[in-house]
Protein chains: 2
Amino acid sequence: MSSNSTVNDVRTGRPADPSRGVLRPLGIGEVTITGGFLGRLQQRNHDVSLSHIEYWLEHEGWLGNFDAAVAGRLPEARRGREFSDTEVYKLLEALAWEYGRTLDPEINDRFERIAARVVAAQEPDGYLNTNFGRPGQAARYSDLEWGHELYSFGHLIQAGVARARTEGEDDFVRAVCRAADHVCDMFGQEGIQSVCGHPEIEPALVELYRVTGERRYLEQARLFVERRGHQTLADINYGRSYFQDDVPVREAEVLRGHAVRATYLSAGATDVAVETDDEDLLHALRRQWDVTIARRTYITGGMGSRHQDEGFSEDFVLPADRAYSETCAGVGSIMFSWRLLLASGDARYADLIERTLYNVIATSPSQDGKRFFYVNTLHLRELGAEPDAERAVGRAESTLRAPWFGVSCCPTNLARTFASLDGYVASVDTTGVQLHQFIPAVVRTQLPDGRTVALKVKTDYPRDGRIVVRNGGESVGAWTLSVRVPNWANGAGGVTVDGSAGSVDSDGYVRIYRDFQPGDTVDVTFPMEPRFTVADPRVDAVRGCVAVERGPEVFCLESVDTPGNVHVDLVRVDDSVAPREEDDAVVVSVRPLMLPNSELAWPYAGRRAGADGDGPDDGEAHEVALRPYHAWGNRGPTTMRIWLPTDGT
Amino acid sequence: MSSNSTVNDVRTGRPADPSRGVLRPLGIGEVTITGGFLGRLQQRNHDVSLSHIEYWLEHEGWLGNFDAAVAGRLPEARRGREFSDTEVYKLLEALAWEYGRTLDPEINDRFERIAARVVAAQEPDGYLNTNFGRPGQAARYSDLEWGHELYSFGHLIQAGVARARTEGEDDFVRAVCRAADHVCDMFGQEGIQSVCGHPEIEPALVELYRVTGERRYLEQARLFVERRGHQTLADINYGRSYFQDDVPVREAEVLRGHAVRATYLSAGATDVAVETDDEDLLHALRRQWDVTIARRTYITGGMGSRHQDEGFSEDFVLPADRAYSETCAGVGSIMFSWRLLLASGDARYADLIERTLYNVIATSPSQDGKRFFYVNTLHLRELGAEPDAERAVGRAESTLRAPWFGVSCCPTNLARTFASLDGYVASVDTTGVQLHQFIPAVVRTQLPDGRTVALKVKTDYPRDGRIVVRNGGESVGAWTLSVRVPNWANGAGGVTVDGSAGSVDSDGYVRIYRDFQPGDTVDVTFPMEPRFTVADPRVDAVRGCVAVERGPEVFCLESVDTPGNVHVDLVRVDDSVAPREEDDAVVVSVRPLMLPNSELAWPYAGRRAGADGDGPDDGEAHEVALRPYHAWGNRGPTTMRIWLPTDGT
């Protein structure tokens, strides 16, 4: 530990723990997910993915780098990219949350075994990185643009925070504080006047401040946030917007540059704004979120339109077929949105979290939990090949899920998200409890006035729109249960509470104020009819197309679901026929797309002014089944698309 | 010279000179462009751009690298990227053609001065490259994937070929032959069994064979073409398709990977196919051209959809707003198409050349000839900034034309294309003369049977659709004048010859068979009404949009042409009103795009089945002027788009 700090909130188990804000988060000790769609993904993470990740970290030698450091075999023996240490740290963070959630001693053993190997490599002054500073390696902090050293410290610290919040102070947590102290020594007011090319240290230091009460960590995070945007990093081909060093955080209009960097930075800046009571900064971040959601976000919640720099593009540049939508940007977006939700109580942030959970986070892993999408495209035109199960692949090259990547940030990011998912379900404020995500769960917590409330949430969401919340505690006087009404339901109408039309507050919640008696239930139902969705007409890429959604899930067409395995680009939807549910699919009516007469002609043809487009009666109509996007690509090579051209009527 | 070869076709001045094929090209000694739109660009190249390029080559030190090599100051003094030598070679090639075209002694002086500096740096064994092989530099041929050594030799040889065809054998041409001999020594049957990561040596060696008759050069080019596609280059992040080493040339289905690499290779492979009478290879290349044109080419003729790898994307992935369409890929496409035109006599190749000349080649340079687009996007959403006139910029970052680039292949590629443009105007065969491009020009040549024909072409094309061809020679008996009928005119109908409806042959030419008397004229008129054009419905990026074309020119909307400088993304075209000509612009009727009510809402909204789209009567109609795409961006920062949404009727 830092000499004057102690771990002061052992086992709250909150993924983020702001000291102020409209809502107070609940920790994984207060909420237990008991099943459901996302619960099953969480369990698969426990049963399969955590071991899969550890196997690959050993296999690729990234864990071995720490042993090599201890044995003096670096740099010769080093394996992996400059930031490979962070995958070990993110696995540690995932194991910490998972142990906190399950108290599974085998998980704890794994944490301690790996943590010991990491701590052994720490240098006496707190520095820890297997890629820098030894003879034959680049000097410490000699490449802030690309070296990822502070990014690595950030993930190390996040692992320590998770450990402190689920188990308490131990050797690993103390090592993490030494590392944080080292960072403050090096980059403080009088230190190196720059920032890291990849944000992450910012939220990490604020969280460590929240764990320890050590203000130095908060002050350092504040310094990093304020320094960014002043061009202290060198210019690069992608421009300084790539690492958000183009414009100061509080002056920026919108998220830009590398999407993971942008969302991590925004999460950390929100933490700083909340802890330093900086309303101006918080306002700027909320505004940036608004603009980013309105103009730079895919229907899936995915962020990042460009392969070149894994980055945001300009407003409304959201191509489906070159969508990047990196899994890690989904994680970063949830981090950012969750912090704004706690700060503001505005359900729109929880809406985006839901959308991202069901359509990015749930999409990345394969059904067996051993393969992952790094990139979550919305449209695949060429049949992909199944990647080799025993070989790591490049990041965005595989068209189906791969077991591991040369840059393998996504599997570990998913692991820590699933392991801490309980913490995103609910919150409390002075009025009562807010239910943000609809997952079967048990909630037991105290309201700020000390009253203990206990709830049990039953639902088959998103398969079904009914959420039943049962009071599992005693009567403690009146309080308010607030249930988020998803923005998609609001648009569709038909929300009912206990069988009557629900009244939705302006901030997006339906509120039930009552002196709940033991066994009392509240029964909220959202309308789950499948629906057509169209995009803002400025999104050129999907003009003239509809998407099909049902509840929070986006659906897609896969060629494996078409008669004769027809390419998904060769059909158009008859949007005069409403989509209808059939088993676990949604069925729409389609016709063949009208193609030019010649297959190999110049593809741009004259059109007389006023000439009709393709008529709706061309070609024979038939029905095809769309399935949830998160399930796509689990049945071998297929073409796929979310946005379907309409027949032009 | 190679000991057993001599320059055998001095001063034919043909940019490519196949020994067989359906058509025989005419050299720049047989065709003289005398003005017109493209003639003015050629003159500006002579008056401004050639000096501009030489200034920057000195300024950036890329010319100085050769002096530094002679003085033993490498590698310390070296400036620029690994391939910077080639910009010097391409300037030499441009100067050679320009001297051949104009016989301007000042141009010849510049050629000789620069050539002497280059030749001085050649090593005794013929090797010549300022970036490899000296103490402290990487070893020769140690990085075939990225070193660009054979690519550099290729451009050196092309400069030598241009010199030999316009002036004859000299020290430079002899140095070039020594370099080619060195390449054959190193990479022959028993030599290094691989290829260069960037094709270019292939067409260069065939052309040098054509100049010298030295079969060894042809054989080496054939070897390079046959070796490619057998994975002799290392795998890279982009995949081996990036440098076309994924599939053998004769087995490929379509152009893929880096677009400049793909088109250069295809040009060289066509040369090999023609000279070795390899019908199978030629057929494969023609098929690849067909597929590439039908599925992977922009309406401008531009190629390359991806910034990430400057490459082709999958079929029909042609986003307007992330179009790469590199200027050099336009040059490569013309090289490839010209060779297929000569081999086959099919006008479709000349059609693509025309489209590329007017919409890529003419677009890149600024109106003052001192700035260039490296990337030719079809849609600019954000107002760009004018790049600094005294600073080289990255390649694709500038939104307006820049004076020079860190990778500055495009300005020199334009220069050699403009300087040799006379060679692409016409050809001959046993029937007579074919006129492919409509540029005011004088043609004087011999038919294969020895008869001399002389023609004068008068036209204000593309401003006007009338082409008048006057016989400037004596009566020599009957022969056929074939005038290409552009594919766009064919679609529109209305081609007239001497006032009557023209009859177009299946290969795309209107033919006039006559014993032309002195002063006889043929008067061909193409219909120049502006027209709406729509794309194949598989091009998702421009669904629901129209482009406006007039003759071979694609038009675009710039915000500087809208009342109040409205963003080009905020209008839709009323496509029931035909576009009409007004001065040098085309006028269309537009209405405001229907936007969501809230500026910062989630941009994906529900749509009832069967609900109407935006009605045509929403918003007030007004007229806006579209101007030729090649002229865009010459009036300061502006947004721009070619494809305009229609009003959905």
Of B:Y141, B:Y127, B:Y151, the only residue that is in contact (Cβ under 8 Å) with a residue 60 or more places away in the chain and out of contact with any strand residue (DSSP E or B) (no Cβ under 6 Å at 6 or more places or on another chain) is B:Y151
For the stretch A:572-594, enumerate the residues that are more than 11 Å from every other protein chain (Cβ to nearest Cβ) and open to solvent by less than 70 Å² (accessible area, probe 1.4 Å). A:A585, A:V586, A:V587, A:V590, A:R591
Is it true that some residue in the stretch A:494-510 is at pLDDT 90 or above and away from chain B (no Cβ under 14 Å)? yes
Which of the residues that make up the stretch B:408-442 are within 15 Å of B:L455 (Cα to Cα) and open to solvent by 10 Å² or more (accessible area, probe 1.4 Å)? B:P440, B:V442
Out of A:R635, A:R608, which single residue is open to solvent by 60 Å² or more (accessible area, probe 1.4 Å) and at pLDDT below 90? A:R608
So if I check each of A:N634, A:N565, A:N597, which one is over 28 Å from A:G330 (Cβ atoms) and more than 13 Å from chain B (Cβ to nearest Cβ)? A:N565
Taking the stated definitions as given, is A:L421 under 30 Å from A:N45 (Cβ atoms), of a type in the set (A, V, I, L, M) and in contact (Cβ under 8 Å) with a residue 12 or more places away in the chain? yes
Qualifying position, being open to solvent by 10 Å² or more (accessible area, probe 1.4 Å), closer than 26 Å to A:D309 by Cβ and among the small types (G, A, S), among A:A120, A:A138, A:A116: A:A138
Scan the stretch A:587-611 for residues that are assigned to a loop (DSSP other than H, G, I, E, B) and of a type outside the set (G, A, S) and jot them down. A:L593, A:M594, A:L595, A:P596, A:N597, A:E599, A:L600, A:W602, A:P603, A:R608
Please report, ordered by residue number, the strands (runs of 3 or more DSSP E) entirely within the stretch B:455-561 with at least 2 residues that are farther than 23 Å from B:W632 by Cβ. B:466-471, B:479-484, B:509-514, B:521-525
Would you pick out the residues in the stretch A:264-278 that are among the polar types (S, T, N, Q) and assigned to a helix (DSSP H, G or I)? A:S266, A:T270
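Matching residues to (1) under 22 Å from A:Q367 (Cα atoms); (2) out of contact with any Leu (no Cβ under 6 Å at 6 or more places or on another chain):
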position	(1), (2)
A:N413	yes, yes
A:A426	no, no
A:A441	no, yes
A:L455	no, yes
Filtered residue count, the stretch B:311-365, keeping only those that are closer than 15 Å to B:A259 by Cβ, of a type in the set (F, W, Y) and in contact with a strand residue (DSSP E or B) (Cβ under 6 Å, 6 or more places away or on another chain): 1
Report those helices (runs of 4 or more DSSP H) wholly inside the stretch A:158-240 carrying at least 3 residues which are closer than 27 Å to A:W97 by Cβ and open to solvent by 50 Å² or more (accessible area, probe 1.4 Å). A:171-187, A:215-227
Of the residues in the stretch A:314-350, those that are without any contact (Cβ under 8 Å) to a residue 24 or more places away in the chain and either under 18 Å from A:M640 (Cβ atoms) or crowded, with 24+ Cβ neighbours inside 10 Å (or both) number 0
For the stretch A:255-271, indicate whether the set of residues that are among the small types (G, A, S), in contact with a strand residue (DSSP E or B) (Cβ under 9 Å, 6 or more places away or on another chain), touching a residue at least 24 places away in the same chain (Cβ under 8 Å) and within 11 Å of chain B (Cβ to nearest Cβ) is non-empty. no
May I ask you to verify whether B:G472 is in contact with a strand residue (DSSP E or B) (Cβ under 9 Å, 6 or more places away or on another chain), open to solvent by 40 Å² or more (accessible area, probe 1.4 Å) and at pLDDT 90 or above? yes
Taking the stretch B:253-292, which residues are under 23 Å from B:R240 (Cα atoms), of a type in the set (V, I, T) and open to solvent by 10 Å² or more (accessible area, probe 1.4 Å)? B:V254
So is A:R295 in contact with a Leu (Cβ under 7 Å, 6 or more places away or on another chain) and open to solvent by 10 Å² or more (accessible area, probe 1.4 Å) or not? no
Could you look through the stretch B:542-562, keep only residues that are within 11 Å of chain A (Cβ to nearest Cβ) and of a type in the set (G, A, S), and pick out the one that is farthest from A:D540 (Cα to Cα)? B:A547
Of everything in the stretch B:517-541, what is more than 7 Å from chain A (Cβ to nearest Cβ) and open to solvent by 10 Å² or more (accessible area, probe 1.4 Å)? Give them in sequence order. B:Q517, B:P518, B:G519, B:D520, B:T521, B:D523, B:T525, B:P527, B:M528, B:E529, B:P530
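The values are calculated or read from the model by the stated rules, or taken from the named source; none is laboratory data. These figures come from a predicted structure and were not determined experimentally. FYI the Cβ positions are ideal-geometry reconstructions off the backbone, even for glycines, and counts take in every protein chain you see. Surface accessibility is based on the protein's heavy atoms, side chains included, excluding ligands, DNA and RNA. Shrake-Rupley method; radii C 1.70, N 1.55, O 1.52, S 1.80 Å.
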